[in-house]
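All of the numbers you see were taken from the coordinates with simple rules; none came from a lab. What you are looking at is a predicted structure, and each value in this text was computed from that prediction instead of being measured. Cβ placement follows ideal geometry from the backbone for every residue including glycine, while neighbour counts extend to all protein chains displayed.
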Amino acid sequence: MNTDAALSILAALAHPTRLAALRLLIRHEPEGLSTGALVDASGLTQSTFSTHLAVLAKAGLVVSEKRGRQQIQRADLDALRGLMVYLAKDCCQGRAELCEPLLAELDCG
């Protein structure tokens, strides 16, 4: 990931509605959520939420797929992983033991 891509993702996440939507999608991986379910969860109108969804998609954080008559939105975990690696790449000047508390918090096991 380069700096421009990281900045695009961070800018997309710098809004409470978009951050909440991405976190909701992450919780629903790998099945994703319908656009209607996301709109309902946001409490916004369809048109207002669509603007936020477009920003997330443009940043590469959300992908859409058609399933039957529904549009299903999914978090692009590879993009999120790329951002996390980009941010932590130089963590602790190569001293891995200093990053262990961060990794322990991320442990999903």
Item to check | Long-range amide H partners of residue 34 with built H, under 5 Å | outcome: 73
Checklist outcome for this item: Across all Cα atoms of the stretch 3-106, Rg and the largest Cα-Cα distance (Dmax), in Å, are 15.5, 50
Next on the checklist: Could you tell me which residue out of 71, 106, 41 lies farthest along the dipole of the chain toward its positive end? Charges go on the beta carbon: Lys and Arg +1, Asp and Glu -1, centred on the Cα centre.
Outcome noted: 71
Checklist entry - In deg cm²/dmol and to the nearest 500, what is the mean residue ellipticity at 222 nm of the chain if only DSSP H runs of at least 4 residues count, each as -39500 (n - 2.57), divided by the residue total? => result -18500 deg cm²/dmol
Next on the checklist: Under a Cβ-only charge scheme (Lys and Arg +1, Asp and Glu -1), can you give me the dipole magnitude of the stretch 3-106 about the Cα centre, in debye to the nearest 20?
Outcome noted: 380
Checklist entry - Separation of the stretch 71-104 and the stretch 10-32 by C-alpha centroid, Å? => result 16
Item to check | In order through the stretch 47-53: 3J(HN,Hα) via Karplus (6.51 cos²θ - 1.76 cosθ + 1.60), integer Hz, x for Gly, Pro | outcome: 5, 5, 5, 4, 4, 5, 4
Checklist entry - Highest GNM mean-square fluctuation, the chain, Cα pairs closer than 10 Å: which of 48, 35, 17? => result 48
Checklist entry - Along the stretch 79-84, what does the Karplus equation 6.51 cos²θ - 1.76 cosθ + 1.60 (θ = phi - 60°) give for ³J(HN,Hα), rounded to whole Hz, x for Gly and Pro? => result 5, 5, 4, x, 5, 4
Item to check | Cα shape, the stretch 32-80, gyration tensor, a/c 1.5 rule | outcome: oblate
Checklist entry - Please state the relative contact order of the chain as a whole percent: Cα pairs under 8 Å, 6+ residues apart? => result 29
Checklist entry - Tell me, what ³J(HN,Hα) does each residue in the stretch 57-65 have, in order and in whole Hz, if you take phi through Karplus 6.51 cos²θ - 1.76 cosθ + 1.60 with θ = phi - 60° and put x for Gly and Pro? => result 5, 4, 6, x, 8, 10, 10, 10, 9
